[in-house]
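The values are calculated or read from the model by the stated rules, or taken from the named source; none is laboratory data. All values derive from a computational prediction rather than experimental measurement. Neighbour counts are summed over all protein chains in view; Cβ atoms, including those assigned to glycine, are modelled from backbone coordinates with ideal geometry.
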Amino acid sequence: MSDLFSSLSLAVRSLLADQGAIEVTSNNVANVNTPGYSRQEAVFNETPPLQFGALQFGTGVELATISSDRDNILNIRLSQETQQQGKFDSLVNGLQQIQALFNPVAGTGLGASINTFFDSFQQLSTNPTDPTLRQGVLIAAGNLASAFRLIASGLGTQQQSLNESVVQQVGQVNDLTSQIAALNVQLAAAQVGTQSGNALLDQRTQLIQQLSQILDVQTINAGNGNVTLTTSQGVALVVGAQSFNLQTQVNPATGFQDVYAQGSDVTTAIQAGSLGATIQLRDQEIPALLTKLDTLASGIASAVNTQNQAGFDLAGNAGGNIFVPPAAGPGAALNLAVAITDPSQVAASSDGTIGSNGNALALASLANQNIAGGLTPAQFNAGLVAQVGSDTAEAQSQQQSAGLLVQQLQDQQGAISGVSLDEEAANLVRYQTAFDASAHVVSVIDELTQTVLNMAGAA
Amino acid sequence: MPLRVNPNLSTDFFAELQIVRRQQNQALQQLASGSRINAPSDDPAGAAALLENQSQSDQVDQFQKNIQDLQPQLQAADSALSSVVSAVTQAISLGVEGGNSTLGASNLQSLAQEVSGIRDEILGIANTSVQGQYIFSGTLTKTAPYVLDAASPSGVSYQGNTGVNSIQLSNGQTAPINLPGSQLFSNPGGDLFGALQQLITALQTGTGVSAATAALSQAFSLLDNVRTFYGTTLNEFNNSETFLSNESVQLSTQATQIAGADLAAATTTLAQTQTATTALLTSQGKALSLPTLFDFLP
């Protein structure tokens, strides 16, 4: 049979257990607003009973572990959706900046300059010798060229800043992966089911979420508290204690920074996260738009030059170029410029006589001819604006649905891991009551012990 | 154990609030601009259609301007030719008078002088310029079409050419806008200056006055016929103007159909989002101040 002292130690153990549970509760309450904090629970265990002859006596309770409430599968899903959200956030951001260059409502874009340019030839046809109307053609040509240059250089500037952002984001990735590798080491050494272990897990989950904002990362639970992180293509980023830095290296063909992982070029493999969006904007969206701008610019410039050469200027000489002929390859829009400064060199005449307007009419009618990629300049420009608009609209709607999905998953995660003050209050009362009771047991045993001691004194 | 709910109510609230605010902004933007399309992404196809519509309507404006700019020139030509017609009519009656055999040589001489005066008047009219451009010299608009030339049988020589300019009245429709003097005043089918010179010589010599008068009448009727070109073209201008202003109205109606904001709908949306915002804020205000169990513990 047990003795009074073992009863005393039983009561003390329960005091310790309750005290620990109160500590867990107060830690929960303290972290009610901490991002990434998973609520913790004190898990009590009945200690093994002692055998006395035929009887078994309980030995009380112990605080076995402090578990933290998290759902790893949910976290992985959240990480995946965060990658999409990060991607579409950055895409929308970038596309809205691009769209601002093409917005006719805000007075940007090419539409007005194209119309004015061709209409200036119409106007010239009404009085082909009028120096003011001739000057009008050159002014409209200059405005058209500068509208092209403005948009092309705006896109170029954005491309450049996206390129710088690639380097910055790769730096952030490396920073995060090295922190995660360090946490892997600490977690391998930490005891499972302690507050410090739980805090490290929370930290690592947070860091993986941050990493997911930037690129598509796959999380594999490798046991021993380790996670292995790879890119979606399987190139390792973190394995145990080891993190592998991404590198950037200038691609001599494009002049932009490519991303390398352990020696292989992974630039095109990064499809999600803000880095994926940055690369997509820099390497696909903007180059595609620049190519179209070049098609339009060189289409207009060559057709106008050819037609001007078919006519005669005010002096009766054969016409020359109105625009500097665009060089083959990219840059037609960026370098579009007017070749002549003398308005008399506009070849309005179709037969060399001073008052003929035949070629001015022919120049004006280019507006309705398919001189740009099989379309009229106005149609081509409208298509360009529609493309920018629909790319932006699509990214916006995907951003919204990705946002809603992340929101939902965060809600679920909150339902599992979030701290509820009501629960904590109830737990606090429970543990306090149990603590009070155990303390009472101690004082009763103290009294009993006194009684026994008094008995001994009386004898 | 019942399903646990997310104890943090704010995340849902802020997401909802964002959605409502976005709708609110859109409605406000539509009401402010009157347009449904404030950026290409609002309606990419609509934005493209709007651009093409704008391009067409810019062209229509330009066609209208073409007509307005050229109307004075054509009217000047038309009224110049009317003066020529009355001058020639006078010359013909002088010729008829000269054909009367009772007239003496001195009278014929003075008639010849009068006709010669009329010829000079017509020469001046044929050399009419509008805004520094000779309107009857074909496309050599900086060259006076006729100069006196004693060596020429017609007494003048034509310095212009046979060039004819056209302008665009609408897409696919062009109209010539000038007649060269060679068709009006020195037409091989009835050379006006030639006939005048013939009459002057006939009156001076007193022979062949009737034949010369007949030649002048022929040249006159040809001119009277050819000059209807200007009246016809001015008519065509008027028709085109009507057509173009209809088209302009149509295009702007079309633009409104493409991009015009449904103001009633936008106003309703605005009111709805205001209600929704108030409801959200009220409920969130209540939610934030909800008591927890801690408030009831002693």
**Message:** Given the condition outside any strand (DSSP E or B), surrounded by 15 or more Cβ atoms within 10 Å (Cβ to Cβ), within 14 Å of chain A (Cβ to nearest Cβ) and among the polar types (S, T, N, Q), answer yes or no: does some residue in the range B:96-117 qualify?
**Reply:** no
**Fill in**
Of the residues in the range A:138-158 that are touching a residue at least 40 places away in the same chain (Cβ under 8 Å) and surrounded by 22 or more Cβ atoms within 10 Å (Cβ to Cβ), the one that is farthest from residue B:62 (Cα to Cα) is A:155
**Asked** So which residues in the range A:89-137 are under 24 Å from residue A:296 (Cα atoms), of a type in the set (S, T, N, Q), more than 8 Å from chain B (Cβ to nearest Cβ) and crowded, with 19+ Cβ neighbours inside 10 Å?
**Response** A:113, A:120
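Taking the condition under 23 Å from residue A:78 (Cα atoms) and either under 19 Å from the mean Cα position of the chain (by Cα) or of a type outside the set (Ser, Thr, Tyr) (or both), does residue A:255 pass? Working first, answer last.
Working: under 23 Å from residue A:78 (Cα atoms): no; either under 19 Å from the mean Cα position of the chain (by Cα) or of a type outside the set (Ser, Thr, Tyr) (or both): yes.
In short, no.
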**Prompt:** Between residues in the range A:350-362 that are over 12 Å from residue A:124 (Cβ atoms) and more than 7 Å from chain B (Cβ to nearest Cβ) and residues that are surrounded by fewer than 22 Cβ atoms within 10 Å (Cβ to Cβ) and not hydrophobic (A, V, I, L, M, F, W, C), which pairs lie under 7 Å by C-beta distance while being six or more apart or on different chains?
**Reply:** A:352/A:316
**Prompt:** From the residues in the range A:366-382 that are of a type in the set (Gly, Ala, Ser) and crowded, with 18+ Cβ neighbours inside 10 Å, which one is farthest from the other protein chains (Cβ to nearest Cβ)?
**Reply:** A:372
**Prompt:** Within the set of pairs 6 or more residues apart or between chains, which connect a residue that is within 8 Å of chain A (Cβ to nearest Cβ) inside the range B:129-144 to a residue that is assigned to a strand (DSSP E or B) with Cβ atoms less than 6 Å apart?
**Reply:** B:141/B:133; B:141/B:134
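I'm checking my understanding of the structure. Among residues of the range A:336-349 that are of a type in the set (A, V, I, L, M, F, W, C) and touching a residue at least 60 places away in the same chain (Cβ under 8 Å), which one is nearest to the other protein chains (Cβ to nearest Cβ)?
Taking the range A:336-349 as the starting set, the residues that turn out to be of a type in the set (A, V, I, L, M, F, W, C) are A:336-340, A:346-348.
Of the ones still in play, those that are also touching a residue at least 60 places away in the same chain (Cβ under 8 Å) are A:336-338, A:340, A:346, A:348.
On the way: A:336: 19, A:337: 24, A:338: 21, A:340: 21, A:346: 16, A:348: 10 Å.
It comes out as A:348.
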**Prompt:** Which residues, taken from the range B:10-26, are more than 7 Å from chain A (Cβ to nearest Cβ) and either surrounded by 15 or more Cβ atoms within 10 Å (Cβ to Cβ) or within 49 Å of the chain's Cα centre (by Cα) (or both)?
**Reply:** B:13, B:16, B:17, B:19, B:20, B:21, B:22, B:23, B:24, B:25, B:26
**Item:** Restricting the range A:163-187 to residues that are in contact with a Ser or Thr (Cβ under 7 Å, 6 or more places away or on another chain) and surrounded by fewer than 19 Cβ atoms within 10 Å (Cβ to Cβ), the residue that is farthest from residue A:252 (Cα to Cα)
**Value:** A:178
**Message:** Given the condition surrounded by fewer than 18 Cβ atoms within 10 Å (Cβ to Cβ), more than 8 Å from chain A (Cβ to nearest Cβ) and without any contact (Cβ under 8 Å) to a residue 12 or more places away in the chain, answer yes or no: does some residue in the range B:33-55 qualify?
**Reply:** no
**Item:** Breaking point among (1) modelled with pLDDT under 95; (2) touching a Leu at 6+ places or on another chain (Cβ under 9 Å), for residue A:166
**Value:** (1)
**Asked** Does residue A:172 count as at negative phi and within 25 Å of the chain's Cα centre (by Cα)?
**Response** yes
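Among the candidates B:228, B:242, B:277, B:232, single out the residue that is under 30 Å from residue B:23 (Cα atoms), among the polar types (S, T, N, Q) and either more than 14 Å from every other protein chain (Cβ to nearest Cβ) or surrounded by 16 or more Cβ atoms within 10 Å (Cβ to Cβ) (or both).
Working: B:228 fails: under 30 Å from residue B:23 (Cα atoms); B:242 fails: under 30 Å from residue B:23 (Cα atoms); B:232 fails: under 30 Å from residue B:23 (Cα atoms).
Criteria check complete, one pass: B:277.
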**Prompt:** Going by the structure shown, is residue B:193 farther than 16 Å from residue B:153 by Cβ and touching a residue at least 12 places away in the same chain (Cβ under 8 Å)?
**Reply:** no
**Asked** Within the range A:390-438, how many residues turn out to be more than 7 Å from chain B (Cβ to nearest Cβ) and under 18 Å from residue A:30 (Cβ atoms)?
**Response** 7
**Item:** Enumeration of residues in the range B:151-179 that are in contact with a Pro (Cβ under 8 Å, 6 or more places away or on another chain) and either touching a residue at least 24 places away in the same chain (Cβ under 8 Å) or assigned to a strand (DSSP E or B) (or both)
**Value:** B:158, B:160, B:161, B:162, B:163, B:164, B:165, B:166
